[in-house]
Amino acid sequence: MAPTWPAMEYAERSKPQGSASVRSHIAERANISMADITPNNVGQLHMLNAKLFPIVYVKELYKVQGEDVKPLCKLGLFNDIPVGDICCTLEDGPDETTWKIYIMTLGVLPSYRRLGIATALLNHVLENAPVGGMFAGRRVHALYLHVQTSNVAARAFYEKNGFVVSDKIEGYYSQLEPQSAWVLEKHT
């Protein structure tokens with residue numbers, strides 16, 4: 001004779017009043033940090049960007065950056081696991097005393113988005129190379145980047161952080177649809 005199990009009753013879980021979303025509970029318990037990009041972890045940067053972006057970056061991106069820009073290139077870590085990155089380059093500004101900083105990549109794996117990792121990475125750059133402030137011996141004239149015009153979430157993220165659309169370039173992404181890109185810029 002098979003054992004009989006007592007009937008189980010399931011009550012619907014109720015959300016306590018004033019409680020936050022599951023993602024905010026995850027963020028509260030998470031250790032979000034950054035790591036320098038080094039020869040030992042540059043492979044992780046390569047793998048992240050292959051997952052994050054629809055384009056393949058040239059190998060030069062994965063060489064350890066020059067000493068000047070190195071402080072602006074970071075891996076974003078969630079409990080010590082690389083889940084995002086930011087990589088920048090320095091370009092001459094309007095004159096020899098200024099820089100324009102180009103944000104080549106800023107991305108976070110989908111499962112780790114909306115936890116503050118991208119904001120932490122962007123804030124790191126904004127704090128270490130503030131527009132109007134000094135970085136690597138020159139005044140920072142502007143920070144800018146390109147965003148595919150179909151990526152409205154990325155545009156909203158940058159606009160929330162003080163960037164404005166300064167241009168739209170048709171045909172910027174030759175192998176993607178749409179091919180057009182917004183130029184978002186934060187300048188003095």
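The values are calculated or read from the model by the stated rules, or taken from the named source; none is laboratory data. Given the structure is predicted, the values throughout are model-derived calculations rather than measurements. Every residue, glycine as well, gets a Cβ built from its backbone with ideal geometry; the counts of neighbours run over all protein chains shown.
Applying the selection to the range 97-111, what residues are out of contact with any Lys or Arg (no Cβ under 8 Å at 6 or more places or on another chain) and either under 21 Å from SER33 (Cα atoms) or not aromatic (Phe, Trp, Tyr) (or both)?
Of everything in the range 97-111, those that are out of contact with any Lys or Arg (no Cβ under 8 Å at 6 or more places or on another chain) and either under 21 Å from SER33 (Cα atoms) or not aromatic (Phe, Trp, Tyr) (or both) turn out to be LYS100, ILE101, ILE103, MET104, THR105, LEU106, GLY107, VAL108, PRO110, SER111.
To keep it simple, each residue is scored yes or no on (1) part of a loop (DSSP other than H, G, I, E, B); (2) among the aromatic types (Phe, Trp, Tyr); (3) out of contact with any Phe, Trp or Tyr (no Cβ under 9 Å at 6 or more places or on another chain).
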residue	(1), (2), (3)
TYR144	no, yes, no
ALA153	no, no, yes
ALA156	no, no, yes
GLU159	no, no, yes
TYR173	yes, yes, yes
PRO178	yes, no, yes
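How many residues are touching a residue at least 12 places away in the same chain (Cβ under 8 Å) and more than 18 Å from LEU145 (Cβ to Cβ) when one looks only at the range 76-95?
7
If only one of LYS168, LYS100 is under 26 Å from VAL56 (Cα atoms), touching a Pro at 6+ places or on another chain (Cβ under 9 Å) and not in a loop (DSSP other than H, G, I, E, B), which one is it?
That would be LYS100, the only listed residue that is under 26 Å from VAL56 (Cα atoms), touching a Pro at 6+ places or on another chain (Cβ under 9 Å) and not in a loop (DSSP other than H, G, I, E, B).
Which members of the range 25-40 meet the condition of being within 20 Å of ILE117 (Cα to Cα) and either in contact with a Lys or Arg (Cβ under 9 Å, 6 or more places away or on another chain) or at pLDDT 90 or above (or both)?
ALA27, ASN31, ILE32, SER33, MET34, ALA35, ASP36, ILE37
Can you tell which of GLY116, GLY66 is modelled with pLDDT under 95, out of contact with any Lys or Arg (no Cβ under 9 Å at 6 or more places or on another chain) and on the phi > 0 side of the Ramachandran plot?
Of the residues listed, the single one that is modelled with pLDDT under 95, out of contact with any Lys or Arg (no Cβ under 9 Å at 6 or more places or on another chain) and on the phi > 0 side of the Ramachandran plot is GLY116.
Out of the residues in the range 147-156 that are under 19 Å from LEU126 (Cβ atoms) and not small (Gly, Ala, Ser), state the one that is surrounded by the fewest Cβ atoms within 10 Å (Cβ to Cβ).
My answer is ARG155.
Name the single residue that is surrounded by the fewest Cβ atoms within 10 Å (Cβ to Cβ) among those in the range 157-166 being at negative phi and over 13 Å from the mean Cα position of the chain (by Cα).
LYS160
Looking at the range 105-115, which of its residues are in contact with a helix residue (DSSP H, G or I) (Cβ under 6 Å, 6 or more places away or on another chain) and among the small types (Gly, Ala, Ser)?
GLY107 - this is the single residue of the range 105-115 that is in contact with a helix residue (DSSP H, G or I) (Cβ under 6 Å, 6 or more places away or on another chain) and among the small types (Gly, Ala, Ser).
Here is a list of conditions, (1) at pLDDT below 90; (2) in contact with a strand residue (DSSP E or B) (Cβ under 6 Å, 6 or more places away or on another chain), and THR97 meets all of them except one; can you say which number that is?
(1)
How about the range 117-132: which of its residues are touching a strand residue (DSSP E or B) at 6+ places or on another chain (Cβ under 6 Å) and either among the small types (Gly, Ala, Ser) or in a loop (DSSP other than H, G, I, E, B) (or both)?
Passing the criteria: ALA118, ALA120, ALA129, VAL131.
Among the listed residues ASP80, ASP85, which satisfies the condition of being over 29 Å from ALA142 (Cα atoms) and modelled with pLDDT of 90 or more?
Answer to the selection: ASP80.
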